[in-house]
Amino acid sequence: MELFLLVATFFGTLAIGVPVAVCLGLSSLAYILAAGLPVVIIPQRMYAGMDVFVLLCIPGFILAGNLMNFGGITERIIRLANALVGWMRGGLAMANVADSMMFGGVSGTAVADVAATGGVMIPGMKKSGYPADFAAAITAASSTVGPMLPPSVPMIIVGALSGISVGQLFLAGAVPGVLMGLGMGITCYIIALRRNFPRLPWQGWKELLAAFLSAFWALAMTGLIIGGLLTGVATPTETAVVACVYAFIIGAFVYRELPIRAVPRIVINSAVSSAGILALVGFANVFGSILSSERIPQLLVTTVLAITDNPIFVILLINILLLIIGMFMETIAALIILFVPLLGLATSVGIDPLHFATFAVLNLMIGLTTPPVGVCLFVACNIARVPLAGVIRAVVPFLISNIIVLLLVSYYPPFATWLPTTLMGAAAP
């Protein structure tokens, strides 16, 4: 009865539009009251979920991304992306993808990508003759590349949950992230040929060099992060702090577009964003501990293994489950609740933990652009001022492209494990 109340409260509140963190908290509260347990369990479990050292990366990287964004990074990256691919048929759409790949290396979150670059790219694409629904769709879809590239907030969460090296997780997502970008770029080109989308004139090598030099210090932050992790000079948390200092210096003294008086507001906004993520982490930990007490993870593993213990079919079942979950649940909540039990299932049939973590995160990134809870879709629709239904139709080719990449990464482990194994040694146990 208590478990039914937990599930019914969660999906009931989710269906009426209550934020996911609140849904998790209310459903956990309903279970605890029905079971006659002390309510103090909620703050205890919340604190236990948030009291993980590596989670300090999250506010650090969010602040660094915001400092760089306010410091003029967005316009410089868009200029470089246009210079690189804007001259091709449908080049502005491909520049949108390239921009997301570069911006994602700074922000680490998909929603930040949509909000920051969508405000520039979507009006620009509309003005150039692209349909508004297509402009919103490619902006939302391309934003999912960002969290696959370092720094990545979902990868930090996975590292905190599993003990897998965050540095290895950052590297593991790099090749799949590039594959996603290439896949969506090719899709843009095919659609552009069929629909005769416009292209920008070639701006010359001089402009390309100037655009690269202009964006160099922004893009170098990704190199700073990876370099610190690879050399062992800094932990992920220390790297996040260094990135904040770097972002401040570049924005305020190199680009000279970050007003000192704006820094307190940026810090407050970053703290609010970080608090939202950590509150979600805390409530999801309460919810997940209830599921564990009801032995739901063990039941899940037993049920799947009763069907098959073939790794090929287990990967397929996991992907189907995560694709469905991603349609209804926010990425971080889904990871906290499902990652550990699914990791146990994956390792029981011989799947490498680093490989599993990579395709699990990639899978949930796809969920950011699938209705009914496709957060990036809603943000892009608001910017483009178009109905959701048209954007959903326009995003389907990009969903297909990303699912193809998901299958490639799922069934060919070196796409995930080769880079971290080569640069940092054996994959995490």
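The values are calculated or read from the model by the stated rules, or taken from the named source; none is laboratory data. These numbers were taken from a predicted model, which means no experiment stands behind them. Here Cβ is always computed from backbone atoms with ideal geometry, including for glycine, and neighbour counts include all displayed protein chains. Ligands, DNA and RNA are excluded from the accessible area calculation, which covers all protein heavy atoms including side chains. Shrake-Rupley method; radii C 1.70, N 1.55, O 1.52, S 1.80 Å.
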> Looking only at residues in the range 257-278 that are of a type outside the set (A, V, I, L, M) and within 12 Å of L67 (Cα to Cα), which one is nearest to the chain's Cα centre (by Cα)?
Replying inline: S270
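If only one of A211, A172, A192 is within 30 Å of A279 (Cα to Cα) and surrounded by 18 or more Cβ atoms within 10 Å (Cβ to Cβ), which one is it? If you could, list the steps in order and put the result at the bottom.
Working: A211 fails: within 30 Å of A279 (Cα to Cα); A192 fails: within 30 Å of A279 (Cα to Cα).
Unique residue meeting the criteria: A172.
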> Does any residue of the range 74-87 turn out to be under 25 Å from G276 (Cβ atoms), part of a helix (DSSP H, G or I) and open to solvent by 40 Å² or more (accessible area, probe 1.4 Å)?
Replying inline: no
>> Can you list residue pairs whose Cβ atoms sit under 8 Å apart, with the first residue in the range 325-344 being surrounded by fewer than 23 Cβ atoms within 10 Å (Cβ to Cβ) and the second being of a type in the set (S, T, Y) and assigned to a loop (DSSP other than H, G, I, E, B)? Count only pairs 6 or more apart in sequence or on different chains.
In response: G326/T370; M327/T370
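Among the residues of the range 180-198, how many are in a helix (DSSP H, G or I) and either at pLDDT 95 or above or over 23 Å from V361 (Cα atoms) (or both)? Reasoning before the result, please.
Keep residues of the range 180-198 that are in a helix (DSSP H, G or I), which gives 180-195.
Checking the rest, the ones that are also either at pLDDT 95 or above or over 23 Å from V361 (Cα atoms) (or both) come to 188-195.
Going through the range 180-198 one residue at a time, the tally reaches 8.
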> Only one residue in G60, G49, G25, G65 is of a type in the set (G, A, S), open to solvent by less than 40 Å² (accessible area, probe 1.4 Å) and over 21 Å from the mean Cα position of the chain (by Cα), so which one is that?
Replying inline: G25
>> Would you confirm, using the coordinates I've provided, whether M102 is part of a loop (DSSP other than H, G, I, E, B) and under 17 Å from S142 (Cβ atoms)?
In response: no
>> Checking F11 against (1) under 30 Å from T222 (Cα atoms); (2) open to solvent by 30 Å² or more (accessible area, probe 1.4 Å); (3) over 17 Å from the mean Cα position of the chain (by Cα); (4) among the hydrophobic types (A, V, I, L, M, F, W, C), only one condition comes out false. Which one?
In response: (1)
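Please give the helices (runs of 4 or more DSSP H) falling wholly within the range 325-406 in which 1 or more residues are polar (S, T, N, Q) and modelled with pLDDT under 85. Explain how you work it out, then say what you get.
Values: elements: 331-348, 353-366, 375-384.
Per the criteria, 331-348, 375-384.
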> Yes or no: G227 open to solvent by 20 Å² or more (accessible area, probe 1.4 Å), free of Cβ contacts under 8 Å to residues at least 40 places away in the same chain and small (G, A, S)?
Replying inline: yes
> Tell me, which residue of the range 249-298 that is among the hydroxyl-bearing types (S, T, Y) and closer than 25 Å to L345 by Cα is surrounded by the most Cβ atoms within 10 Å (Cβ to Cβ)?
Replying inline: S289
>> Going through V395, V304 one at a time, which residue ends up being open to solvent by less than 10 Å² (accessible area, probe 1.4 Å) and among the aliphatic types (A, V, I, L, M)?
In response: V395
> What is the one condition in (1) within 14 Å of L280 (Cα to Cα); (2) not in a loop (DSSP other than H, G, I, E, B) that V18 does not satisfy?
Replying inline: (2)
